[in-house]
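Throughout, read-outs are computed from the coordinates displayed, never taken from laboratory work. The structure displayed is predicted, hence computed values, not measured ones. Every residue, glycine as well, gets a Cβ built from its backbone with ideal geometry; the counts of neighbours run over all protein chains shown.
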Amino acid sequence: EKGNYRHFMQKEIFEQPVVVAQTLQSYLRPVEGQVALPDPDFDLSQIKRVTIVACGTSYYAGMVARYWIERFARVPVEIEAASEYRYREPVMEEGGLSLFISQSGETADTLAALRHARAGGQKIAVVVNVPTSSMAREADLLLPTHAGPEIGVASTKAFTCQLAVLAAFATHIARVKGQLTQQEEQDIVRHLAEAPAALNAALAFNDTIENVATAIAPARDVLYIGRGPDYPLAMEGALKLKEISYIHAEGYAAGEMKHGPIALIDDKVPIIVLAPSGPLFEKTVSNMQEMQARGGKVILISDEKGIQEAGDNCLATLTMPKVHPLIAPIVYAIPVQLLAYHVAVIKGTDVDQPRNLAKSVTVE
Ligand code: M6R
């Protein structure tokens, strides 16, 4: 039931602080400052490579996870869209762990890729929201998200819960690989435990985001840019907008803009810049300024410090709570989801059931 909400998508966006907390609860031991994962029947410390395979929004969650796993655990990670993975004859070596991410657990491409990886001798880990799904049943290591049923076709709360699980997973591999001190693990756990409150703080900007949406709604094209773990989020933001508002949108790595797409920039293409303060802030802002110099109309999403430093010539700014860079991709999901939601409402599209799309894509 939708309760007081107008759409399931809106309800699901606002559920995120609770469902992310619920999900984290089964993966974090805050008192001990440790992550806790179910024990697989294989030795995770022997894993030599992680291959992440998924579709759509789940794929973008996987792209964020690649940063975390490589950074914390120093294990090489590759990631591929499920529809491509199977057909390029991927090399599967001993010691490979294949990680499949799916809300439904039934996406045909992802399920077929899972079976292909199993046949190739890979260990199978699955991050899935439906515990009775095919993927859940076929996992060697099952990592459930506890987002509850997601009804809106546009995935929102499943995504942030996937990120929460993936952060815990990255931390766990890092520990079993001997790459984390106790103190480092405690710090990660503390930052993750702060995510639900930060999600709440981000949701408090709903009305401001609704205002910004009026500036986006008339656009024909919209660009999203970010760096590092916020680059997949730029793509996720663009996917959300395309999916429910039918506006053409692209997500780009901020540094790639000058290799071509900057030619598109004029004062009719809004650019959403995802730039939390942190090690990548200055570089992202310099890419943003290159676009402003060409007439680009920027909507900067950052924290107070970032907006103070770089918000001056922007069309609009959205102030997010100051968070550790680790949880920024979880928190910054809120403004991109809400922006897409409000634009779609302004455009009068069918938010929960956008044209041409199904909740679960069970054909290849
Ligand atoms: O159920 P899955 O997570 O496997 O679904 C994957 C994609 O079909 C899904 O994320 C799709 O891209 C969403 N509609 C995005 O909002």
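For the residue pairs 2/347; 11/123; 123/157, the alpha carbons lie more than 32 Å apart in 11/123.
Enter the mean projected area of the convex hull around the alpha-carbon atoms of the chain, in nm², rounded to one decimal. Could you put the intermediate results ahead of the total?
Numbers: hull surface 68.6 nm².
So the Cα hull casts an average projection of 17.2 nm².
Based on DSSP H segments of at least four residues, each scored -39500 (n - 2.57), the chain has a per-residue ellipticity at 222 nm of -13500 deg cm²/dmol.
For 78, 12, 94, the sequence from fewest to most other C-beta atoms within 10 Å is 94, 78, 12. Please name which of 318, 348, 307 has its Cα lying farthest along the dipole of the stretch 293-364 towards the positive end, using unit charges on Cβ (Lys, Arg +1; Asp, Glu -1) and the Cα centre as origin. Projecting each Cα onto the dipole axis, the largest value belongs to 348.
Close amide H contacts of residue 35 (hydrogens built in the peptide plane, cut-off under 5 Å, sequence separation of 5 or more or a different chain): 29. Residue pairs exceeding 30 angstrom between C-alpha atoms, taken from 48/240; 297/359; 48/322; 268/305; 240/305: 48/240; 297/359; 48/322. With neighbours defined as other Cβ atoms within 10 Å of a residue's Cβ, the residues 245, 102 order from fewest to most as 245, 102.
Out of all DSSP beta bridges in the chain, what portion is antiparallel? Express it as a percent rounded to 5. Of the beta bridges lying entirely in the chain, close to 5 percent run antiparallel.
Based only on other Cβ atoms within 10 Å, what is the fewest-to-most ordering of 339, 315, 274? Don't skip to the answer; put the middle values down first.
On the way: 339 26, 315 16, 274 32.
In order of increasing Cβ crowding within 10 Å: 315, 339, 274.
Taking amide hydrogens as placed 1.01 Å from N in the peptide plane, the amide H of residue 352 sits under 5 Å from that of no residue at least 5 positions away in sequence or on another chain. Across the stretch 162-265, how large is the tail of the calculated P(r) beyond 24 Å, expressed as a percent of all Cα pairs? Within the stretch 162-265, distances greater than 24 Å cover 44 percent of Cα pairs.
Once you have the Kirkwood Rh of the stretch 241-305 from its Cα pairs, apply Stokes-Einstein at 37 °C and 0.692 mPa s and quote D in µm²/s.
Taking Rh from Cα pairs, D becomes 263 µm²/s.
Subtracting the Cα-Cα distance of residue 266 and residue 32 from 0.36 nm times their residue separation leaves 79.0 nm of extension gain. For the stretch 179-247, chymotrypsin sites (Phe, Trp or Tyr not before Pro) meeting the loop criterion (DSSP other than H, G, I, E, B) and having at most 15 other Cβ atoms within 10 Å: 246.
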